[in-house]
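**Student:** I have a structure here, written as structure tokens, and I will follow up with some questions on it.
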Amino acid sequence: MKHVIIGTAGHVDHGKTALIKALTGIETDRLAEEKKRGITIELGFAHIEWPDGTQAGIVDVPGHEKFIKNMLAGAGGIDLAMLVVAADEGFMPQTVEHLNILTLLGIKDGLIVITKKDMVDEEWLDMIKQDVKERAKGTFLEGKPIMCVSAYTGEGIAELKEELYKLVSKAGEKNMRAAFRLPIDRVFSVDGFGTVVTGTLIEGSMNEGDAAELVPSGAETRIRNLQVHGNTVKTAYAGQRVAVNLAGLKKTDVQRGDCVAKPNTVRVSRMLDVKLMNLKNSGRVITNDMQVHLYHGSAVMLAKVVLLERDALEPGESGYAQLRMTEPIAAKNGDRFVIRFYSPLETIGGGVILDDAPMKHKRNVPSVIEALKIKEGGSAADRVLQLIDEAGMALPTAAKLNAKLNIDAEELSAELSELTDSGHAVEPIEGRYISSRALDAAADGAKAALNAYHKQNPLHAGMKAAELRQKAFKNTEQAAADAIIAELCREGAIKRAGERYADADFEIHYTKKQTAIRKKLLDYYQSAGIEPATVDEVMATFQMNERNDFKQVLDSVVSGGDIVMLTPQICYSRESYKKACDAAKAHFAGHDTITLAEFRDAMSTSRKYALAVLEYFDKNGITRKDGDFRKLNRGFGE
């Protein structure tokens, strides 16, 4: 499922909170106050849903300083912008600044909402719309929808929600393959849980039980519990607001501005090499050695700007610079940042990080400038990534890559680590790699095959692994195909359904009659134990007009693993099959072989049922028949 964050922006008191309540039914200010003693992630945050199940998060920023602190917390976390302008006041200085910040954060899409429509007449509203349209020229919001609404009367809210749906539907996917990173915007303690932090997960996915690192301090921790929208989850994905219960840390060990990350994936430094831009309308000249406030993720700190190729940046100009901080910063290449004037606080520029842990540079050194140009336009990693991409789903090893590259093994290892940490490449098998683009293609192929299967078999839980490999990975080595399938499951593109695979969004939909048949069927096999009636005898207990549905439902529950079909006529419930497996495992714990008579006695059943189970074991490679004996083959997978 796609995870999209919509960020609000606009002047204080222009109706952002009321607008979000009208869209979502959630009163963000109220929730922040009422839930502050629980594990809550709703501080200035809501989520919007549409009838087809599509969801998006909305960052509500009610005040100006909260805009700076909250919206910049996780600069890479916002996908779409909703610029809010009150009809009775129009564009204000803060509106301009917020639009500038959205641009600096690299936001590419969004819309403009004119609120308080009910407070003005049509002539005034038309004038405001024209002014807003003119103000948006030259920005990423030029030509984007301008919606006029009233949160008070509800007018225009449905149309706005429809426009947001269109934007969310076409928004790009977050980088799920990068190492997870969550800038912390709130820290608190909860009785019985310990330290809890909240933030927007900007990269990767984090799982309950994962080891984690607190940067920049380097403190080791573990993810004890995760919550998304107030619900406990096993996995959280980039683009979601997350509450994380951290093991082994006190509240005093953590502060806003820290980041929870996969261990050893985020470097800590007091300097950053950057491409810096001075906003066209900043009204300030950025000079060498200027002191500024640096905003990165949820961190705010003082920094000195060292211009590396000129003495000043006039409004609208950009150039290479080194930012030197008064305290450590945890950042990654490609991150966006914002700088504000030292005093008074006003946004003057920002840019992108080119080197997150550089050496200290002298100014006006041609080799330094050339190196930064390469970092801005590409690097040695591009050559490595190109080779991985060309290999498709073959999963080349480092040795195979190195045979085609003129770089030493240590440098290649560093480049591969950089590519996997950034999510441009993935390592589904240790020491073997696939590009993110090839993995996306694999996901498209697998989803297409699965959806075609679901269309033909709507009551099946999914497709068998062998069939999926044949349909979507026909010319791929089995080990590589299985590893890619496992990676797609981990990312949530597809899902495991018992011994089968399904599209992530697929669900079985039974009719009312089929639901009743399914319950009766499962209840029967649950109560029948290890000596059930034959399938024909069970079907005979159903009405004639139910028997066609009976066959479909039986096929469905078998595909889903709730029922195990040992033979065309003998089925076991999942629990009965486990009991049979446990009996076999207990015997093999003390013996190398088993006979039919021995297994019959171990199960305390008749020869008929014992034989059905053993033949099922043989067919699935668990055991291997050798005369009158059976030996373990691949075993029970434990």
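**Student:** Just to check your reading of the model, which residue among 499, 507, 467, 477 is touching a Gly at 6+ places or on another chain (Cβ under 7 Å) and either surrounded by fewer than 20 Cβ atoms within 10 Å (Cβ to Cβ) or on the phi > 0 side of the Ramachandran plot (or both)?
**Tutor:** 499
**Student:** Every residue in the range 422-442 that is modelled with pLDDT of 90 or more, crowded, with 19+ Cβ neighbours inside 10 Å and assigned to a helix (DSSP H, G or I), please.
**Tutor:** 436, 438, 439, 442
**Student:** Among the listed residues 160, 141, identify the single one that is buried (at least 19 other Cβ atoms within 10 Å of the Cβ), in contact (Cβ under 8 Å) with a residue 60 or more places away in the chain, out of contact with any Lys or Arg (no Cβ under 8 Å at 6 or more places or on another chain) and more than 29 Å from residue 339 (Cα to Cα).
**Tutor:** 160
**Student:** With the condition kept exactly as written, say whether any residue in the range 389-406 is of a type in the set (Ser, Thr, Tyr) and without any contact (Cβ under 8 Å) to a residue 12 or more places away in the chain.
**Tutor:** no
**Student:** What number goes with the only condition from (1) touching a residue at least 40 places away in the same chain (Cβ under 8 Å); (2) out of contact with any Leu (no Cβ under 9 Å at 6 or more places or on another chain); (3) surrounded by 14 or more Cβ atoms within 10 Å (Cβ to Cβ) that residue 360 does not pass?
**Tutor:** (3)
**Student:** Among the numbered conditions (1) part of a loop (DSSP other than H, G, I, E, B); (2) at pLDDT 95 or above, tell me where residue 291 comes up short.
**Tutor:** (1)
**Student:** Which condition from (1) outside any strand (DSSP E or B); (2) out of contact with any His (no Cβ under 9 Å at 6 or more places or on another chain); (3) not assigned by TED's automatic domain parsing to the domain that holds residue 255 is the one that residue 91 breaks?
**Tutor:** All conditions are met except number (2).
**Student:** Given the structure, is residue 304 outside the structural domain of residue 372 (by TED's automatic domain parsing) and either crowded, with 16+ Cβ neighbours inside 10 Å or more than 20 Å from the chain's Cα centre (by Cα) (or both)?
**Tutor:** no
**Student:** Scan 605, 593 and give me the residue that is more than 23 Å from residue 499 (Cβ to Cβ), surrounded by 15 or more Cβ atoms within 10 Å (Cβ to Cβ) and in contact (Cβ under 8 Å) with a residue 60 or more places away in the chain.
**Tutor:** Result: 605 is the single residue among 605, 593 that is more than 23 Å from residue 499 (Cβ to Cβ), surrounded by 15 or more Cβ atoms within 10 Å (Cβ to Cβ) and in contact (Cβ under 8 Å) with a residue 60 or more places away in the chain.
**Student:** Can you pull out the residues in the range 380-412 that are among the acidic types (Asp, Glu) and part of a helix (DSSP H, G or I)?
**Tutor:** 382, 389, 390, 410, 411
**Student:** Taking the condition at pLDDT below 90 and over 31 Å from the mean Cα position of the chain (by Cα), does residue 92 pass?
**Tutor:** In short, yes.
**Student:** I need the full set of residues from the range 521-563 which are of a type outside the set (D, E, K, R) and either in the same structural domain as residue 462 (by TED's automatic domain parsing) or not in a helix (DSSP H, G or I) (or both), in order please. Full working, then the answer.
**Tutor:** Going residue by residue through the range 521-563, those that are of a type outside the set (D, E, K, R) are 521-522, 524-530, 532-535, 538-545, 548, 550, 552-554, 556-561, 563.
The answer is 529, 530, 532, 533, 534, 540, 541, 542, 543, 560, 561, 563.
**Student:** List the number of the failed condition for residue 285; all other conditions in (1) more than 23 Å from residue 99 (Cβ to Cβ); (2) surrounded by fewer than 20 Cβ atoms within 10 Å (Cβ to Cβ) hold.
**Tutor:** Status for residue 285: all satisfied but (1).
**Student:** Going through 334, 239, 319, 297 one at a time, which residue ends up being within 22 Å of residue 211 (Cβ to Cβ) and out of contact with any Phe, Trp or Tyr (no Cβ under 8 Å at 6 or more places or on another chain)?
**Tutor:** 297
**Student:** Kindly indicate whether residue 518 is surrounded by 17 or more Cβ atoms within 10 Å (Cβ to Cβ) and not assigned by TED's automatic domain parsing to the domain that holds residue 568.
**Tutor:** no
**Student:** Related question: Filter the range 451-501 down to the residues that are of a type in the set (Lys, Arg) and either in a strand (DSSP E or B) or closer than 24 Å to residue 435 by Cα (or both) and list them by number. Full working, then the answer.
**Tutor:** First, the residues of the range 451-501 that are of a type in the set (Lys, Arg): 455, 464, 469, 471, 474, 490, 495-496, 500.
Scanning the range 451-501 gives 464, 469, 471, 474, 490, 495, 496, 500.
**Student:** So, residue 226, is that one buried (at least 21 other Cβ atoms within 10 Å of the Cβ), free of Cβ contacts under 8 Å to residues at least 24 places away in the same chain and not in a loop (DSSP other than H, G, I, E, B) or not?
**Tutor:** For residue 226, the condition - buried (at least 21 other Cβ atoms within 10 Å of the Cβ), free of Cβ contacts under 8 Å to residues at least 24 places away in the same chain and not in a loop (DSSP other than H, G, I, E, B) - is met.
The values are calculated or read from the model by the stated rules, or taken from the named source; none is laboratory data. Treat the numbers as computed from the prediction; the structure is a model and nothing was measured. Please note: Cβ atoms are built from the backbone with ideal geometry, for glycine as well, and neighbour counts cover all protein chains shown.
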